[in-house]
Amino acid sequence: PCHSAAFLSLSAALLAETALSVAASKQASSFTKEWLAEVEPEAEQQAASSSSSSASSSATSASPIVRNNEEKGNPAASSTGEVREEVAEAASSSVNSELADANQASASLSGAEIALAARGRSSLATGASAWPPSLEFLETGSDAEFFNFVLPLANMTKFSYSSTWGTYYNPKEANSTPPGWEKLSFESNPEGGGMRALSFIQPSSGRGVVAIRGTDLGDSGVGAMVDRCANYFLRAEQMPEYCGHFPEHTLDYLSRALEYAQHAWELHPELEWAFTGHSLGAEIAEIVAAVRRSKAVVFSTPGLDKVLKARTSVLPSEIGSWQMVALYKEWDPLHFTIAGHLPGASCYWKEAPAMGCPECKAIGLNLTIPACRACFGGTHIY
């Protein structure tokens with residue numbers, strides 16, 4: 001555990017009423033209601049009576065977001081007919097796939113891809129460092145040091161959701177950037193779904209950051225469907241039939257992220273690049289950072305040792321103890337599962353358990369179980 005006070009300040013700083021927070025709150029409420037329906041029938045009835053009035057206000061809050069997406073021609077928010085129905089049936093198992101360990105090894109990155117990444121490796125390999133040589137100060141430093149270092153990265157991660165096409169898109173944040181940073185026009189935001197990433201630079205400090213978006217948990221957009229399929233692809237697991245609608249090039253988020261990182265470095269080779277992201281985006285960010293020998297500070301990543309071994313030539317033992325840091329809420333279900341599966345360091349902040357979390361921890365993480373879905377909705381969604 002570390003810096004609980006700073007984490008609380010960090011959370012408060014991120015809780016603006018944006019598309020991201022409204023959509024995430026609706027999803028979390030949905031998961032919690034599902035759990036209550038199983039363990040507290042009476043509470044479920046009470047929730048149903050109050051939900052009719054709250055639903056209209058929620059719809060009112062969310063509708064400008066939906067309209068803005070449509071007005072902007074957000075292709076990732078459009079319905080896809082029969083494919084959407086297939087996704088609805090597979091949603092629970094596909095989200096669970098993001099958290100599961102790989103059951104089989106996937107094909108390794110080609111030698112050309114590894115060479116591409118190696119050519120643009122961070123200046124850490126040559127001794128010069130714009131970022132701190134070690135991230136250990138995130139545990140040992142003051143709350144102020146922690147907050148000031150992590151907040152810009154947390155906001156970049158937030159913007160990776162709210163300024164790219166999908167459920168959480170908010171046109172007001174389309175060009176947002178943390179104070180003191182510049183957002184590059186170079187981004188990955190494919191209209192038909194795919195790996196989404198943003199780049200931020202701070203020339204005065206010699207730093208650059210790539211922020212990689214996590215899974216869109218919406219159920220109606222093509223971007224959300226591709227994200228789910230990409231989770232399966234990353235682990236070389238059998239994919240639902242609907243994933244056959246998308247080409248392998250689109251589903252291979254890791255290869256696309258490595259290419260994106262290389263291009264960012266080629267645009268600004270004078271900068272030292274680090275990586276951030278949340279959930280699936282955090283996992284990919286840490287793998288890219290490992291390949292490029294760079295720093296990463298991420299939020300709520302799944303364990304990545306098996307994917308790292310299967311998809312790259314980097315061994316977990318080659319990653320410095322404080323080269324990468326993963327941050328969690330104490331009761332995030334992913335935090336239950338990372339022991340022995342996460343290179344680098346991890347840190348969590350103490351808080352009261354969300355609904356369903358004690359039950360989920362006791363039985364083991366399984367998102368087909370309502371208690372775990374409620375816990376996931378209350379602690380993991382960014």
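The values are calculated or read from the model by the stated rules, or taken from the named source; none is laboratory data. From a predicted model like this one, the values you see are computed outputs, not experimental measurements. Every residue, glycine as well, gets a Cβ built from its backbone with ideal geometry; the counts of neighbours run over all protein chains shown. With ligands, DNA and RNA removed, areas are computed over all heavy atoms of the protein, side chains included. Shrake-Rupley method; radii C 1.70, N 1.55, O 1.52, S 1.80 Å.
Scanning the stretch 214-251 for residues that are under 16 Å from the mean Cα position of the chain (by Cα) and of a type in the set (Asp, Glu) gives ASP216, ASP227. All told, SER92 meets the bar of being hydroxyl-bearing (Ser, Thr, Tyr), at pLDDT below 90, within 22 Å of ASP332 (Cβ to Cβ) and open to solvent by less than 40 Å² (accessible area, probe 1.4 Å).
Once the stretch 237-283 is narrowed to residues that are closer than 12 Å to GLY208 by Cβ and aliphatic (A, V, I, L, M), the residue that is most open to solvent (accessible area, probe 1.4 Å) is LEU267.
Go through the stretch 316-340 and give me each residue that's assigned to a strand (DSSP E or B) and not β-branched (Val, Ile, Thr).
Of the stretch 316-340, the ones assigned to a strand (DSSP E or B) are 324-329.
Result: MET324, ALA326, LEU327, TYR328, LYS329.
The set of residues in the stretch 332-366 that are surrounded by fewer than 17 Cβ atoms within 10 Å (Cβ to Cβ) and more than 18 Å from TRP322 (Cα to Cα) comprises LYS350, GLU351, ALA352, PRO353, PRO358, ALA362, ILE363, GLY364, ASN366. For the stretch 286-304, residues that are open to solvent by 10 Å² or more (accessible area, probe 1.4 Å) and outside any loop (DSSP other than H, G, I, E, B) total 1. On inspection, SER313 does not qualify as assigned to a strand (DSSP E or B), surrounded by fewer than 23 Cβ atoms within 10 Å (Cβ to Cβ) and in contact (Cβ under 8 Å) with a residue 12 or more places away in the chain. In the stretch 367-382, which residue that is within 21 Å of GLY214 (Cβ to Cβ) and of a type in the set (Gly, Ala, Ser) is most open to solvent (accessible area, probe 1.4 Å)? So, considering only residues that are within 21 Å of GLY214 (Cβ to Cβ) and of a type in the set (Gly, Ala, Ser), the one most open to solvent (accessible area, probe 1.4 Å) is GLY378. Only one of the numbered conditions (1) open to solvent by 40 Å² or more (accessible area, probe 1.4 Å); (2) over 21 Å from PHE200 (Cβ atoms) is violated by ASN231, and that is (1). Does GLU191 meet the test of being over 14 Å from the mean Cα position of the chain (by Cα) and open to solvent by 20 Å² or more (accessible area, probe 1.4 Å)? Against the criterion (over 14 Å from the mean Cα position of the chain (by Cα) and open to solvent by 20 Å² or more (accessible area, probe 1.4 Å)), GLU191 qualifies. Applying a threshold of 8 Å to beta carbon distances and a minimum spacing of six or more residues, or different chains, the list of pairs starting in the stretch 244-266 at a residue that is at positive phi and ending at one that is assigned to a helix (DSSP H, G or I) and of a type outside the set (Gly, Ala, Ser) is empty. Can you name every residue in the stretch 316-331 that is open to solvent by 20 Å² or more (accessible area, probe 1.4 Å) and either among the charged types (D, E, K, R) or closer than 18 Å to HIS278 by Cβ (or both)? Correct list: GLU318, LYS329, GLU330, TRP331.
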